[in-house]
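For reference, the structure discussed in these notes is given below.
Only the coordinates and a few stated rules stand behind these numbers; no lab work does. Quantities reported herein were computed from a predicted structural model and do not represent experimental measurements. Neighbour counts run over all protein chains shown; Cβ positions are idealised from the backbone, glycine included.
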Amino acid sequence: DITAKEIEPILVSSDPNFRPTDIEIGGDGALYVSDWCNVLIGHMQHNMRDPNRDAAHGRIYRVSYPGRPLMPAVKMKGKPIAQVCENLFSTANSVRYRARLELSGRKTEDVVTQVGAFAKTLDVNKVSLKRDEAQALLECLWVFEEHRVADEALLKRVLEADEQKIRAAAIRTLGHWGEKVPGWQKLLVAGSRDKSPLVRAEAVKAAVSFERLAAAEAVFEAATRPTDAELNAVLNFARSELAVDKIVQEAVSSGKPLSRAAQAYVLRNASVPDLLKLKPTEAVHEAILSRPNVPAASLRKSLVALAAIRKTAPTGLLLDLLEERDGNKSTGLATIGSLLASQPKKDLATVAGRIEKLAVSAKNDAIRRLALVAWITADGNGDDALLAASTSKARLRDFLDAVPAIANTKLRSQLYEKVQPLTVDLPSALKAEQSGSALEQQGIKVDYFFPSAGNVAIETLAAMTPKASGVVPAIIKNVPQKKQNDKFALRFTGSIHIPKSGRYVFFANSDDGSRIYVGKKLVVNNDGLHGMVEKSGAINLPAGAHPLVVTYFDNGGSDGLRINWRGPGFGKRPIPTTSLSVGGGETLHDVAIGALASISGHDARKVADLAALIKAGRNRPAAIRALRGVPVKNWPATEIGPVVDNMVGYLSGMPASFRTGPAATDAMALARALSTRLKPDQAKALNLRLKNLNVRVIAIGTVPHRMIFDKERIAVQAGKPVEFRFTNTDNMPHNFAIGLPGSLEELGLLAEKTARDPDAMARHYIPKSDKVMLGSRLLQTGQTQALSFKAPTMPGVYPYVCTYPGHWRRMYGTLYVVANLAEYQANPGSYLAQAKLPIRDELLKFSTRGREWKLSELASAVQPLPEGRAFMVGKQLFKVANCVACHKLNNEGRVFGPDLAKLGSVDKKKHTPQYILESILNPSKDIDKKFQSQVFALDSGKVVTGMVVKETPDTVEIVIDPLAKGRPTVIKKSSIDDRAASKTSIMPLGLLNKLSREEILDLIAYVYARGDKSNPLFMHEHAEKK
């Protein structure tokens, strides 16, 4: 759009037939305006004989400045050439133009002789207000051009002018004359080297009039000097017209010698194969090391050669190049960075400090990840790199992004133990993240606001209530939710899927204001009242999903909104629907799952770990995507059925509009792939269920050795039918029952009371009670049962439980029957807070396995610790809670902390359930001096904390993080500035956060009993099994 502001008019008329058509400055200095003065406005659509055409009338207005005399008209016609030439000094362009017109009509031989003689009297650098000899000399050149006479000597004189516009005009004449000027090449190259970009641009345009390599020299020279947007446009035009790149390729292939400018152009623009054909100079090696997608062998060869030329070590040179390019928009960073990890370990060790610094503080995302790859490769285990990454979420993402880039598959395989825990929990120093989106739909959510505010900052719209909302396929102004055309605002919210790590540019073109946020960063701020204006912003993004918010408002009048982006491998274009989704952004757990998927081997364990996430409803899209990468033939048979059931349940729980999204597509593909391992009748039934997903399927299973369901919370729509697919993968029998609110304890006690009744086995230990709403068979290990259930019409909190004798106190969960399942799934916490569904079962108030437990919530339960605890569960939890990382019990674990088999042997006060519980919840309250960490301040400025495992006269060996399971870090005593005992235990906080109340009691019982199965705390369990 073109906008203009009216100023005081020069000429106005009230005549409706006023048709101004042209303006000119006359020879007298006045402004002349032609007026067609005709009823017909159109141009030539009426026949010339049309009677409405007035061929006799028209007007010409002369506008002059009041009180200023007009210029006298200069008479030139018939005057001598020498006299006409004097008019070339006129300050009025129209007078000089008339003089050239007059001379163009004279005989060529006379003009060449006399104008040439006149030109010789001029000094190109003699310029004054009344007599500009440079301009007059240029006018002489144009006179020669109009007579088609090329005068190289005159051209050279004009090119010596100080004024850049004079030189630029002369170069343009050179282009017109072409090869009529014998020395054109030298003049053209000189113009392309000119200090003025205007002259260089004219030289490049003039080069198009010539041919081949000689003409391309002008392009080479200009391209290797500073450019701007206009000069770049001219260069691109000349490259295309002259086929410069083809000319260069032919010259390189034929071995023709190239000028220095041509070489510089080649180094900057030639393909890698062409570079490799050049003489291997320092500049050539530098160019190769700056290009993307160079073969590894060629990269290594250039690196070694350049290091030899500069007389330095290749590894050090590589770091020099990375440090030099950090923060710049350099290409080829990933290419040379890939060399870093392939350097010999001994060489990497000599520059370990520089690598570590780049890994944690480089400005460029790619450099940080590549430095991490080198760090992990040099270290051989990744312990120190993970420890450094655990201090912030951004660094942890870099670490996880680095894992797939580790070329050594054996080393990458060793990282499984470090990456897998991050799919569930983050390091204790970092704030927990949500478990990821369960549903994902293509498109983006839009909120419509009316009336609009004065800006569309996120904070402004957050304080407003939308009038309408919905999901739309694209970020556009005309959405169905918009009801007014003025004074409205829109907010688009969702995720944008980044296909490839790199630098992305976002564009917002709007009338009035708009903003683009990616993650938490404001990338484009085009806010305010204005017409159609485009603004852009760039951001470096790793591959994956990122939160996206686009805001827009229109205050009235004209309006418009256009959102575009540009990234690696594609130009400016609208953001497609396939790159947008609704359902939450990518979490660090999702990134960890992606890293886990890149680790080869571990197929059986990988399936079990990722299947556990799916069963728990955590990070399903990422887990399903990762599982698709595991060959079906390598799946453990015990996991296939439960995962298939979960896929069907996941898909049936989606709204129909979500089932075309990438998450649903992956789930469908995984289920169909696994069907090849099912029995024919089961596979057939599965495919039928996939075709008919009207009835929601909920998969519920068990967790081996822990006596818990794999889901602790389920939500269903009130009054709607569902199908429970109950699968038992534990090593003991279990059933599944749903009871009325408040009946959990009553049903559990009744089940135990009637466990020895003659019909107990026949009714599968489901108690006889009208409070039982649904009951399954007693399933043995590996068995599955489908249970049809119509949810109650009354919303509420219902318990589900295993009523097999001795199980109900720890094997239960919460069934939320809700009035609006879609609203619950969008935000469970917010929905439950508003719905205020009462929890009538006391145990359900403490059923969560993802809470931050407090001493006050558990203290009464361990004073005293009740009998009937589960020994095998406690033993398994000793591993699950990672107690084995530091403590040894029953010949399992490591000795980084007190020997639990001797707990209380010296100080009996420590051998109480209360002390054990408090020590786990607050490990820093009472630290055994033998296992107290030490804080070391090093002369390098680093501060290192860890437990001393060995000390010699020269070194100290410490374990920084026992959970990382790495080798000790060796510190030279000569590098220690200060050393002090730490007041913080090496044992991390939050070890109980992923356990339920009953599981915590089982774990404390196991530790209190010192791992003794015959302890009275477990007697009830033994008696039941007898």
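With the largest listed first and rounded to whole Å, the semi-axes of the equivalent ellipsoid of the range 771-824 from the Cα gyration tensor are 24, 14, 11. Bridges between two residues of the range 661-782, per DSSP, are antiparallel at a rate of about 50%. Backbone amide hydrogens, once placed in the peptide plane, bring Phe488 within less than 5 Å of Ser452, Asp554, excluding anything fewer than 5 places away on its chain. Taken as Cα centroids, the range 467-539 and the range 714-744 sit 45 Å apart, rounded to the nearest whole angstrom.
How large is the Kirkwood hydrodynamic radius of the range 695-847, counting all unique pairs of alpha carbons, in Å? Averaging 1/r across every pair of different Cα atoms and inverting gives 15.6 Å. As a ratio to 2.2 N^0.38 Å, the alpha-carbon radius of gyration for the range 81-238 is 1.06.
Computed from backbone phi with θ = phi - 60° and the Karplus coefficients 6.51, -1.76 and 1.60, the 3J(HN,Hα) list for the range 348-355 is 5, 4, 6, 10, 4, x, 5, 5 Hz; x is used for glycine and proline. Restricting the count to DSSP beta bridges whose residues both fall in the chain, what percent are antiparallel, rounded to a multiple of 5? Roughly 90 percent of the DSSP beta bridges within the chain come out antiparallel.
Ordered by the number of other Cβ atoms lying within 10 Å of each residue's own Cβ, fewest first, Glu217, Glu951 fall into the sequence Glu951, Glu217. Distance from the Cα centre of the range 86-139 to that of the range 282-302, in angstrom? Cα centroid of the range 86-139 versus Cα centroid of the range 282-302: 56 Å apart.
Distance from the Cα centroid of the range 558-611 to that of the range 786-843 is 33 Å (rounded to whole angstrom).
Each residue of the range 815-832 was assigned a 3J(HN,Hα) from its phi angle through the Karplus curve 6.51 cos²θ - 1.76 cosθ + 1.60 (θ = phi - 60°); the sequence is 9, 8, 9, 10, 6, 9, 5, 4, 5, 4, 5, 5, 7, x, x, 5, 5, 5 Hz, with glycine and proline shown as x.
By definition, a body whose alpha carbon gyration tensor gives a ≥ b ≥ c is oblate when a/c is 1.5 or more and a/b is not larger than b/c, and the range 218-268 fits this oblate description.
Relative to the 2.2 N^0.38 Å rule of thumb, the range 106-177 has a C-alpha radius of gyration ratio of 1.03. By the Stokes-Einstein formula, at 1.002 mPa s and 20 °C, the chain with its Kirkwood radius over alpha-carbon pairs has D equal to 59 µm²/s. The residues Asp401, Asp907, when put in order of fewest to most other Cβ atoms within 10 Å, stand as Asp907, Asp401. Using only Cα atoms, find the angle between the long axis of helix 108-120 and the longest principal axis of the chain, and express it within 0 to 90 degrees, rounded to the nearest 10. Once rounded, the angle reads 70 degrees.
Annotation note: trypsin sites (Lys or Arg not before Pro) in the range 143-191 located in DSSP loop regions with a Cβ neighbour count of at most 10 within 10 Å are Arg148.
Annotation: the residues Cys883, Cys140, Cys802, sorted from fewest to most other C-beta atoms within 10 Å of their own C-beta, follow the order Cys883, Cys140, Cys802. Over the range 768-876, the reciprocal of the mean inverse Cα-Cα separation, the Kirkwood hydrodynamic radius, stands at 17.0 Å.
Rg over Rh for the range 933-981 works out to 0.94, using Cα positions for both radii and the Kirkwood form for Rh. Within the range 776-849, none of the chymotrypsin sites (Phe, Trp or Tyr not before Pro) combine a DSSP coil assignment with at most 14 other C-beta atoms in a 10 angstrom radius. For the range 232-246, the Karplus equation 6.51 cos²θ - 1.76 cosθ + 1.60, evaluated at θ = phi - 60°, returns couplings of 4, 4, 5, 4, 5, 4, 5, 4, 5, 5, 8, 6, 4, 4, 5 Hz by residue, with Gly and Pro reported as x.
Cβ-Cβ distance of Thr281 and Gln185, R₀ of 30 Å, FRET efficiency by 1/(1 + (r/R0)^6): the value works out to about 0.75. Among the trypsin sites (Lys or Arg not before Pro) found in the range 481-521, those both in a DSSP coil and sparsely packed, with 15 or fewer other Cβ atoms within 10 Å of their Cβ, are Lys483, Lys487, Lys500, Lys520. What does a probe at Lys156 reach in the range 173-187, counting residues whose amide N is under 15 Å from the point 7 Å along Cα→Cβ? The answer is 181-187, whose backbone nitrogens lie closer than 15 Å to the label point.
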